[in-house]
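Peer 1: Supplied in structure tokens, the structure appears directly below.
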Amino acid sequence: MKMSFEVPLNHLYDFDEYQDYLFILSHLCENEIYKNYVMSSSKFKILDNSAYELGKSISVKKLCDIAEEIKADVIVVPDVLGNAEETLKMTEEFYKEFTQRPNLKNVKTMIVPQGINYSEYLMCYYKMREFPYDIVGVSFYVPGESIDFEDVRLKKVQSIINASPDKKIHLLGLHRICYLYEYKKYLAIESIDTSFPIVFAVYGKELTDKSVKEVRPISFFDLKLSYEQLKLAKRNIEVFRNIVK
């Protein structure tokens, strides 16, 4: 399973060696430091729609514009957190725009099914199978739900593999570290992105296989880590990697 870690912009190069690929947050591409880092990298690039960070995806046109500019390898199709109907509308809108862009003809796409519960989520996914997607992004997060997110996500992953065994899966974020032991059993899961190890270091916490997600500070991307926080973040990433091995 390949890994990418969201990090503060002041430390993009400090963590570059730990990035198996770049998971690029589209809204941060307005920052010149971030944009230059992304464009100068030769690593595989997944362009996210930033729905989790902003509460809603950036526009379809803007997402496609950024994808062309940074030469993305994969685009995460716009979704609406917890809303299957609106996600389907945005997915349709995206593919209408995407197919009209000759510069994106070799770019892969990642759909992100949504739903306020498990059955609605599966309904959304089955309808999305009509689109020419390559990868399924599975988020741990369901707005307004106080549930064991990872337990539900594991069921979603299993259902997707059963329905479409030839499709690859990307895990969007992580809530409980211990579930990595389950996820790594599935060859269909090829990648994950998370800020988990770095957020733990911000709070001065050592990562273990029993760790549960901490709230990412609002100012996370603007932070300047101390020397001790930086060392701890790197140790936490090593712990994360060793669990996934």
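Peer 1: Using only the Cα atoms of segment 168-232, what semi-axes does the equivalent ellipsoid have when each is the square root of 5 times a gyration tensor eigenvalue? Give whole Å, largest first. Numbers along the way, then the final one.
Peer 2: On the way: eigenvalues 123, 35, 19 Å².
Here the semi-axes work out to 25, 13, 10 Å.
Peer 1: What is the gain in length, in nm to one decimal, between residue 85 and residue 167 on full extension, counting 0.36 nm per residue of separation less the C-alpha to C-alpha distance? Walk me through the numbers before you get to the answer.
Peer 2: Values: separation 82, 0.36 × 82 = 29.52 nm, distance 2.27 nm.
Here the segment from residue 85 to residue 167 would lengthen by 27.2 nm.
Peer 1: Which residues does the label zone of residue 20 cover in segment 180-220, counting backbone N under 17 Å from a point 7 Å along Cα→Cβ?
Peer 2: 180-198
Peer 1: Among bridges DSSP assigns within the chain, what percent are antiparallel (round to 5)? Walk me through the numbers on the way to the answer.
Peer 2: Details: 1 of 25 bridges.
Bridges in the chain that DSSP calls antiparallel: roughly 5 percent.
Peer 1: What ranking of 126, 141 emerges when the number of other C-beta atoms within 10 Å of each C-beta is taken as an exposure proxy, fewest first?
Peer 2: Numbers: 126 13, 141 16.
If I rank by nearby Cβ atoms, fewest first, I get 126, 141.
Peer 1: Order by neighbour count: 30, 53, 69, fewest other Cβ atoms within 10 Å first, most last.
Peer 2: Numbers: 30 10, 53 17, 69 14.
Placing the least packed residue first, the sequence is 30, 69, 53.
Peer 1: If each residue's Cβ is checked for other Cβ atoms within 10 Å, how do 210, 89 rank with the fewest at the top? Working shown, then result.
Peer 2: Working: 210 8, 89 13.
Lowest to highest Cβ neighbour count: 210, 89.
Peer 1: Only Cα pairs under 8 Å and at least 6 apart count here; give the relative contact order of the chain as a rounded whole percent. Don't skip to the end; give the middle numbers.
Peer 2: On the way: 417 pairs, mean separation 45.1, N = 245.
This gives 18 percent for the chain.
Peer 1: So, one more: Looking at segment 78-176, how many pairs of lysines come closer than 18 Å at the Cα, when each pair is eight or more places apart or spans two chains?
Peer 2: For segment 78-176, qualifying lysine pairs total 13.
Peer 1: Here is a further query. Calculate the FRET efficiency for residue 13 and residue 96 from the Cβ-Cβ distance with a Förster distance of 51 Å, rounded to the nearest 0.05.
Peer 2: On the way: r = 38 Å, r/R0 = 0.74.
Given R0 = 51 Å and the Cβ-Cβ separation, E is 0.85.
Peer 1: Quote the convex hull volume per residue of the chain, based on C-alpha atoms, as a whole number of Å³. Mind dumping the intermediate values first?
Peer 2: Working: hull volume 28.3 nm³, N = 245.
Roughly 115 Å³ of hull volume per residue.
Read-outs: derived from the displayed coordinates by stated rules, not from any lab. No experiment lies behind these values; they were computed from the predicted model shown. Ideal geometry is used to build each Cβ from the backbone, glycine not excepted, and the neighbour counts take in all protein chains shown.
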